[in-house]
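Comments concern the structure below.
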Amino acid sequence: MSRTVYVNGQYLPEEEAKVSIFDRGFLFADGVYEVTSVLGGKLVDFAGHARRLERSLTELDMASPVDMDELLEIHRQLVEKNEIDEGLIYLQITRGAAADRDFAFPPEDTPPTIVLFTQSKPGLADSPAAKTGIKVISIEDQRWGRRDIKTVQLLYPSMGKMMAKAAGADDAWMVEDGFVTEGTSNNAYIVKNGTIITRHLGNEILHGITRAAVLRFAREAQMTVEERPFTIDEAKDADEAFITSASSFVMPVVDMDGQAIGSGAPGPVSARLREIYLDEMRKAAV
Ligand code: PMP
């Protein structure tokens with residue numbers, strides 16, 4: 001069945017949705033995005049994603065074609081039209097199509113481009129990977145310096161996933177100046193002696209919406225959280241490791257560069273946080 005997608009004010013069958021070849025998202029990766037998960041037909045942490053979207057747009061001096069109420073309505077319409085029970089909504093806004101290819105930004109009255117589509121993922125919350133854990137490798141972080149802005153320039157993260165695949169792993173953790181920044185499309189954590197350790201916020205990582213919620217729930221459950229840089233050696237020596245993202249929620253990591261982490265099976269802290277996160281977010285979903 002063809003999906004119904006949203007492009008610049010219209011709901012269309014996916015084959016009919018078009019954007020210009022001069023779109024700056026296409027030519028310059030001049031665009032931002034968000035991915036919001038859907039559980040039980042409802043949006044998980046929409047407010048968090050909407051806030052981060054506004055921040056990404058502001059940081060890039062980019063106008064939004066819709067206000068946040070309209071954006072919520074578009075998300076809901078797409079969930080309904082595509083009968084999404086569990087899955088993801090992808091949203092992208094670019095600086096629009098200029099008249100020609102030019103590095104300088106186009107005139108301010110150039111309409112931004114907005115595209116949304118759904119990805120149906122039955123069983124997203126009951127993922128088999130959450131029971132076995134995933135394997136990661138470490139790679140150098142070769143991305144640009146403003147990783148706090150959620151731009152669509154995802155070539156290096158894509159290459160990182162391919163490096164992981166070639167090594168028989170599921171994902172890669174990136175390392176800069178000796179410290180882990182984050183996973184290719186997720187935030188990275190280790191657990192040592194009951195303390196949850198994850199890199200502090202800054203321009204070096206994306207400020208994960210799932211990260212913010214998970215750290216809040218961890219603190220509410222009286223767990224100790226340290227927001228500081230950590231090394232790959234610390235990760236290999238940790239009791240547990242995990243990642244968070246809107247599409248994986250909380251996902252245990254059981255192997256780093258071919259070496260088992262802790263017992264080599266998902267640990268109790270990761271399992272508990274996944275459970276709390278899913279319970280609380282289902283309750284709060286809109
Ligand atoms: N870091 C990076 C580099 C990401 O691409 C993502 C997911 N888009 C995350 C972290 C996790 O962010 P969120 O929890 O908001 O999905």
For GLY48, which of the numbered conditions (1) under 15 Å from GLN92 (Cβ atoms); (2) in contact (Cβ under 8 Å) with a residue 40 or more places away in the chain fails to hold? (1)
Only one of (1) in contact with a helix residue (DSSP H, G or I) (Cβ under 9 Å, 6 or more places away or on another chain); (2) open to solvent by 50 Å² or more (accessible area, probe 1.4 Å); (3) not hydroxyl-bearing (Ser, Thr, Tyr) does not apply to VAL191, and that is (2)
Can you list the strands (runs of 3 or more DSSP E) lying wholly within the stretch 106-208 that have 1 or more residues being in the same structural domain as SER64 (by TED's automatic domain parsing)? 113-120
When the residues of the stretch 139-175 are filtered to those that are open to solvent by less than 40 Å² (accessible area, probe 1.4 Å), in contact (Cβ under 8 Å) with a residue 40 or more places away in the chain and more than 13 Å from the ligand (Cβ to nearest atom), which remaining residue is farthest from GLY31 (Cα to Cα)? ALA169
Wholly within the stretch 209-268, strands (runs of 3 or more DSSP E) carrying at least 1 residues that are touching a residue at least 24 places away in the same chain (Cβ under 8 Å), of a type outside the set (S, T, N, Q) and over 22 Å from ASP126 (Cβ atoms): 224-227, 249-256
Among the numbered conditions (1) in contact (Cβ under 8 Å) with a residue 24 or more places away in the chain; (2) touching a strand residue (DSSP E or B) at 6+ places or on another chain (Cβ under 6 Å), tell me where LYS192 comes up short. (2)
Take VAL253 and decide whether it is open to solvent by 50 Å² or more (accessible area, probe 1.4 Å) and touching a Phe, Trp or Tyr at 6+ places or on another chain (Cβ under 6 Å). no
Matching option when the condition is within 23 Å of ILE89 (Cβ to Cβ) and among the aliphatic types (A, V, I, L, M), among VAL225, VAL253, VAL214, VAL191: VAL214
Is there a residue in the stretch 197-218 that is basic (Lys, Arg), within 14 Å of the ligand (Cβ to nearest atom) and open to solvent by less than 50 Å² (accessible area, probe 1.4 Å)? yes
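The values are calculated or read from the model by the stated rules, or taken from the named source; none is laboratory data. Nothing here was measured: the structure is a model prediction, and the numbers come from that model. Heads up, the Cβs are rebuilt from the backbone with ideal geometry, glycines too, and the neighbour counts pull from every protein chain shown. These accessible areas exclude ligands, DNA and RNA; they are computed on the full protein's heavy atoms, side chains included. Shrake-Rupley method; radii C 1.70, N 1.55, O 1.52, S 1.80 Å.
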